[in-house]
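A short worksheet on the structure shown next.
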Amino acid sequence: MREGKMLAMVLVVLGLSLSSSASDSQQQKWWKWMFSGGTSSEVNPVGSSVVFPLSGNVYPNGFYYVQLNIGQPPKPYFLDPDTGSDLTWLQCDAPCVHCTPAPHPLYKPNKDLVICKDPLCASLHPGDHKCDNPEQCDYEVEYADGGSSIGVLVKDVLLLNLTSGIRLSPRLSLGCGYDQTPSASYHPIDGVLGLGKGKSSIISQLRDQRLVRHVVGHCLSGRGGGFLFFGDDVYDSSHVIWTPMSRDHSKRYSPGSAELIFGGKSTGFKNLCVVFDSGSTYTYLNSESYQALLSWMNKELSGKPLTEALDDDTLPFCLKGKKPFKRIRDVKKYFKPIALSFPNGWRAKSQFDIPPESYLIISSKGNVCLGILNGTQVGLPNFNVVGDISMQDKIVIYDNEKQVIGWTPANCDRPPKSDTIIM
């Protein structure tokens, strides 16, 4: 489900309960704001963010995951945070027709179903959708890597600890997935955390309930782990490189067209449609750009103590040295940096730098492998996907309030604590 997972359909519903841990004055502030006709442009009344630690890595795990506590009483589930899709779903005992091995027992659904006529169900079923059962909203999501989930939408409580110290228990809509098809790159998780722009995504639902601003971001550590956040008060905006989200690809986190830079020089490849997708382990270029990149790399590596490792099938292009490599720093001197330059940034140009450590891995055989793949071969002919490998050691921000995407180098090893800012 990880590699190239981008396209999905979704749905959602609202509900709220402030936990008893919030003070009376905070509750009064909430109700005063709520009945004063607050608009969507106002800062959320809580004025805080949610930060989640991440686990996992690009290699050898092949994915990052976050723990969410869902239900009453809350139970832990490991979810794949995916900015390339909207719907959040859990493998569900409804009963389950087809479920894959997972870290936790299957989610037990409650009887609080989302009805078919709910507007959020309509967002999951574009066009003239007819209800087979008006008392429930059925869904089916398919991912670009072949994975899928079929189920029904339910409403349940998500436990959230804000950086301000307030605890919230909003009631949100999520999928109860009772029929899953694993992808070729299957990973043992309990479900998917959809972080896309659609109405059914968790961040959109929290925004509609005025709990956090419509901003999501992540910081993936190259050493494993990192953190995910909702809201906009955990980073200093002045240190971030910003570029507008593309209006031509409004359903995806796309900064639009980019120019491919290799070794600090233009390659001549321009107008590459780029999508940022945390649900993709690796980065993908269209076939023409990918083949050109391989050609440039082979030219640069000529005369270097590296030969193609044809017996290593970890990734399509691997190289071996005179002795096995232990870490990227042993070999990165042989490779040049890559970058994607976006001409419509808030500055003259916004450049997304991809140093060798953000596109190479060391395989279990001690070879160095290229973590940039041929997107055309996996059904992505029109998109160039920036995946987890190239977003390591950066804070990447998707600001749906301002319709911009931003990034800046960061130490992703420690999640920010209350009242702290990532510089």
Please give, to one decimal in nm, the separation of the simple spin-label points placed at Lys251 and Val97, each 7 Å out from Cα toward the Cβ.
-> 2.3
Counted neighbours (other Cβ, 10 Å), sorted fewest up, put Phe78, Phe230 in the order Phe78, Phe230
Residues of segment 192-225 with amide N under 19 Å of the 7 Å Cα→Cβ point at Asp413 | 219-225
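Over segment 49-230, what is the relative contact order in percent, taking alpha-carbon pairs closer than 8 angstrom and at least six residues apart?
Relative CO of segment 49-230 lands at 33 percent.
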Output for segment 323-392 (equivalent-ellipsoid semi-axes, sqrt of 5λ from the C-alpha gyration tensor, Å, descending) is 26, 17, 8
Under 1.5 on a/c is rounded, so check that first for segment 49-230, then, if it is not, pick prolate when a/b is larger than b/c and oblate when it is not; a ≥ b ≥ c are the square roots of the alpha carbon gyration tensor eigenvalues.
-> oblate
Relative contact order (percent) for segment 237-409, with alpha-carbon contacts under 8 angstrom and 6 or more residues of separation?
-> 33
What shape does segment 85-156 have by the C-alpha gyration tensor, where a ≥ b ≥ c are the square roots of the eigenvalues, rounded means a/c under 1.5, and otherwise prolate means a/b greater than b/c and oblate the rest?
-> oblate
Can you give the FRET efficiency for Asn382 and Gln72, using 1/(1 + (r/R0)^6), R0 = 41 Å, r = Cβ-Cβ distance, to the nearest 0.05?
-> 0.40
Go through segment 294-340 and name the trypsin sites (Lys or Arg not before Pro) that are in a DSSP coil and have 10 or fewer other Cβ atoms within 10 Å of their Cβ.
-> Lys322, Lys326, Arg327
Entries in Lys333/Lys394; Lys117/Lys197; Lys130/Lys199; Lys75/Lys394 that, when Cα-Cα distance is taken, lie over 27 Å | Lys75/Lys394
Fully extended, how many nm does the chain gain between Leu294 and Asp128 (0.36 nm per residue separation, minus their Cα-Cα distance)?
-> 55.1 nm
Rounded if a/c under 1.5, otherwise prolate or oblate - segment 237-409, Cα gyration tensor axes | prolate
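Would you calculate the volume per residue, in Å³, of the smallest convex hull containing every Cα atom of the chain?
Per residue, the Cα convex hull of the chain comes to 144 Å³.
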Taking the alpha-carbon centre of each part, the distance from segment 49-127 to segment 204-259 in Å is 20
For the chain, what's the relative contact order in percent, using C-alpha pairs closer than 8 Å and at least 6 residues apart?
-> 21
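Taken together, the values in this text are just the output of simple stated rules run on the coordinates, not laboratory data. Note that the coordinates shown come from a computational prediction; the quantities given were computed from them, not determined experimentally. Backbone-built Cβ (ideal geometry, glycine too); neighbour counts: all protein chains shown.
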